[in-house]
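J.: First the structure, then my questions, so here it is.
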Amino acid sequence: MYRFTIIFVILLSIYTEQANGGSFFLYNQVRHGVLMKVHCKSGDSDHGWHVRKYGGVYGFDFKDHILDKTLYWCNIWSGPDFNRNASIVVYEGKLYEHRNNWIRWSVRGDGIYQSINGAQPWKFKYHWYGSL
Ligand SMILES: *[C@@H]1O[C@H](CO)[C@@H](O)[C@H](O)[C@H]1NC(C)=O
């Protein structure tokens, strides 16, 4: 019984941990056949380069800083030869009313749209640089 309780408490804390994180996700919705490349960073982390096909998603969750200091930004490339790009702030703790937000980005042909905590409709946020 004691052992069961320990396992239960561990599972509960793993679950709570995930439910309490902030997160962001970037969806490649540019166009069929067009890849999206992303490189995301924060002040103390570099998440490397990742490529996603049309319909794919890149993102992760993280511990949201208690003093609203969480800040993640990404460079995104798309189009033929990745000749269009955008530098976007994907998660900025101080902008949101509470912690542990779920921020989604729809990366599209005409720009990059945001949805915070499932809000609809998607809001246009960033233009692309570079030619099509
Ligand atoms: C973004 O595109 C512009 C215009 O094509 C280019 O000058 C710039 O170097 C690109 N930036 C990155 C980070 O690739």
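The values are calculated or read from the model by the stated rules, or taken from the named source; none is laboratory data. For clarity, every value in this text was computed on a predicted model and none was experimentally measured. FYI the Cβ positions are ideal-geometry reconstructions off the backbone, even for glycines, and counts take in every protein chain you see. Just so you know, the surface numbers come from the protein's heavy atoms only, side chains and all, with ligands and any DNA or RNA stripped out. Shrake-Rupley method; radii C 1.70, N 1.55, O 1.52, S 1.80 Å.
J.: Within segment 107-130, is even one residue among the hydroxyl-bearing types (Ser, Thr, Tyr), within 11 Å of the chain's Cα centre (by Cα) and surrounded by 15 or more Cβ atoms within 10 Å (Cβ to Cβ)? Outline the logic, then answer.
T.: So in segment 107-130, the residues among the hydroxyl-bearing types (Ser, Thr, Tyr) come out as 113, 115, 126, 129.
If we keep only those that are within 11 Å of the chain's Cα centre (by Cα) as well, we get 115.
Remaining after also requiring surrounded by 15 or more Cβ atoms within 10 Å (Cβ to Cβ): 115.
There is at least one residue in segment 107-130 that is among the hydroxyl-bearing types (Ser, Thr, Tyr), within 11 Å of the chain's Cα centre (by Cα) and surrounded by 15 or more Cβ atoms within 10 Å (Cβ to Cβ).
J.: Now a separate question. Enumerate the pairs (first residue in segment 64-87 and under 20 Å from Gly33 (Cα atoms); second residue anywhere and surrounded by fewer than 15 Cβ atoms within 10 Å (Cβ to Cβ) and aliphatic (A, V, I, L, M)) with beta-carbon separation below 7 Å, excluding pairs fewer than 6 apart on the same chain, so at least 6 apart or on different chains.
T.: Gly79/Leu132; Arg84/Leu132
J.: Separate question: Among the residues of segment 11-27, is there at least one that is open to solvent by 100 Å² or more (accessible area, probe 1.4 Å) and modelled with pLDDT of 90 or more?
T.: From segment 11-27, those open to solvent by 100 Å² or more (accessible area, probe 1.4 Å) are 11, 15, 17-18; that's our starting set.
Remaining after also requiring modelled with pLDDT of 90 or more: none.
There is no residue in segment 11-27 that is open to solvent by 100 Å² or more (accessible area, probe 1.4 Å) and modelled with pLDDT of 90 or more.
J.: Give the residue that is nearest to the ligand (Cβ to nearest atom), with candidates limited to residues of segment 88-101 that are open to solvent by 60 Å² or more (accessible area, probe 1.4 Å) and touching a residue at least 12 places away in the same chain (Cβ under 8 Å). Give the steps one after another, and end with the answer.
T.: Within segment 88-101, the subset open to solvent by 60 Å² or more (accessible area, probe 1.4 Å) is 94-95, 97-99.
Keeping just the survivors that are touching a residue at least 12 places away in the same chain (Cβ under 8 Å) gives 94, 99.
On the way: Lys94: 25, Arg99: 30 Å.
Per the stated criteria, the residue is Lys94.
J.: Let me ask something else. Arg104 fails exactly one of the following numbered conditions: (1) closer than 20 Å to Gly22 by Cα; (2) within 15 Å of the ligand (Cβ to nearest atom). What is the number of that condition?
T.: The failed condition is (2).
J.: A further question follows. Just to verify a result, which residue in segment 53-85, among those that are touching a Gly at 6+ places or on another chain (Cβ under 8 Å) and within 16 Å of the ligand (Cβ to nearest atom), is least open to solvent (accessible area, probe 1.4 Å)?
T.: Gly79
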